[in-house]
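Have a look at the structure below before the remarks.
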Amino acid sequence: MATYQARTKQEIAQRIALDIPDGSYVNLGIGMPTLVSNYLPSDREIILQSENGILGMGEAAAKGEEDYDLINAGKQPVTLLDGGAYFHHADSFGMMRGGHLDICVLGAFQVSATGDLANWSTGEPGAIPAVGGAMDLAIGARQTWVMSTLLTRDGVSKLVEKCSYPLTGIGCVTRFYSDLGTLACTPNGLQLIDLADGLDKAGLERIIGLPIADPA
């Protein structure tokens, strides 16, 4: 069996950052997606929004320079770019729900081949629901991208034919960025964008257990 080199979280974040067009307004979800802020190209103007009420958010604060009055939605200290602003939570959700964001990058428990998203609960007894602003973002942003490991800790694919967990949004995910490659989710199923080094499409299909169409 061919060996492959899975991408690190930092490499996935870099891959996503390179795909964000100049002039985009972007929300980075809690967890892995916050890493994207550290890799945005310096030759593009990309405006980051945080659901707790920041517009013009910069990268993570350097060690020793943290200001805990300036945090993202995941309570991590961040920076504010020149011209940035912070404001009421309700105004922030108005941005999210009102179609003012070009892209949101979220984590996921499951994503279906056609773009359904489940990322707020596994549905297990005693599981703590953590929906936050995910539903508002998934439906309000023009595009929803997912950043995640492809497999769970038990080795089960997070890309599935149909989500078995409670849904966050239906048909909202357009791209799935993972440690094993990048895939588009379309009404006709999965479509290949790129692969981790050493992995071919047939190998990824075996891991996921679903067919993958060639790039358009």
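Rounded, prolate or oblate: which one fits region 117-208, using the alpha carbon gyration tensor with axes a ≥ b ≥ c (rounded when a/c is under 1.5, else prolate when a/b beats b/c, else oblate)? Mind dumping the intermediate values first?
On the way: a/c = 2.14, a/b = 1.40, b/c = 1.53.
In terms of gyration-tensor shape, oblate.
Can you tell me which of 194-206, 106-118, 47-59 comes out highest on packing, and rank the rest after it, using the mean Cβ neighbours within 10 Å?
Working: 194-206: 14.5, 106-118: 23.2, 47-59: 20.4.
Top to bottom by mean Cβ count within 10 Å: 106-118, 47-59, 194-206.
Would you please give the residues with an amide H less than 5 Å from that of G169, counting only those at least 5 places away or on a separate chain, with H modeled from the backbone geometry?
So G169 has HN proximity to L117.
Would you grab the residues whose amide H sits under 5 Å from the one on L190? Only those 5+ places off in sequence or on another chain, please, with H modelled 1.01 Å from N.
A213
Could you tell me how many degrees, from 0 to 90 and to the nearest 10, lie between the Cα long axis of helix 9-19 and the main elongation axis, the longest principal axis, of the Cα atoms of the chain?
The angle comes out near 80 degrees.
Out of all DSSP beta bridges with both ends in the chain, state the antiparallel percent to the nearest 5.
Details: 22 of 40 bridges.
So the antiparallel bridges amount to about 55 percent of the total.
When the Karplus curve 6.51 cos²θ - 1.76 cosθ + 1.60 is applied with θ = phi - 60°, which whole-Hz ³J(HN,Hα) does each residue of region 28-43 get, with x for Gly and Pro?
Those phi angles translate into 9, x, 5, x, 3, x, 4, 5, 4, 4, 7, 10, 5, x, 6, 8 Hz.
Give me the one-decimal nm value for the distance between modelled label points at D43 and H89, 7 Å along each residue's Cα-to-Cβ direction.
Each label point is offset 7 Å from its Cα along the Cβ direction, giving 4.1 nm.
Run the numbers on the chain and let me know its relative contact order in percent, using alpha-carbon pairs under 8 Å that are six or more apart.
Numbers: 471 pairs, mean separation 42.1, N = 216.
For the chain, the relative contact order is 19 percent.
Under the rule a/c < 1.5 gives rounded, and otherwise a/b versus b/c splits prolate from oblate, where does region 32-98 land using the Cα gyration tensor?
Details: a/c = 1.70, a/b = 1.23, b/c = 1.38.
Note, shape of region 32-98 comes out oblate.
Among 137-145, 8-16, what's the highest-first ranking by average C-beta atoms within 10 angstrom per residue?
Values: 137-145: 22.2, 8-16: 18.1.
Listed from highest to lowest mean packing, they are 137-145, 8-16.
List the residues whose amide H sits under 5 Å from the amide H of Q143, counting only those 5 or more places along or on another chain, with H placed 1.01 Å from N in the peptide plane.
I103, C104
May I ask you to evaluate 6.51 cos²θ - 1.76 cosθ + 1.60, the Karplus curve with θ = phi - 60°, for each residue of region 56-71 and list the ³J(HN,Hα) values in order in whole Hz, giving x for glycine and proline?
After applying 6.51 cos²θ - 1.76 cosθ + 1.60, I find x, 6, x, 6, 4, 5, 5, 4, x, 10, 5, 10, 7, 8, 10, 10 Hz.
Taking 0.36 nm per residue of sequence separation and subtracting the Cα-Cα distance, how much length would be gained by fully extending the chain between D197 and H100, in nm to one decimal? Working shown, then result.
Numbers: separation 97, 0.36 × 97 = 34.92 nm, distance 3.59 nm.
Contour length minus Cα-Cα distance gives 31.3 nm.
Read-outs: derived from the displayed coordinates by stated rules, not from any lab. For clarity, every value in this text was computed on a predicted model and none was experimentally measured. Ideal geometry is used to build each Cβ from the backbone, glycine not excepted, and the neighbour counts take in all protein chains shown.
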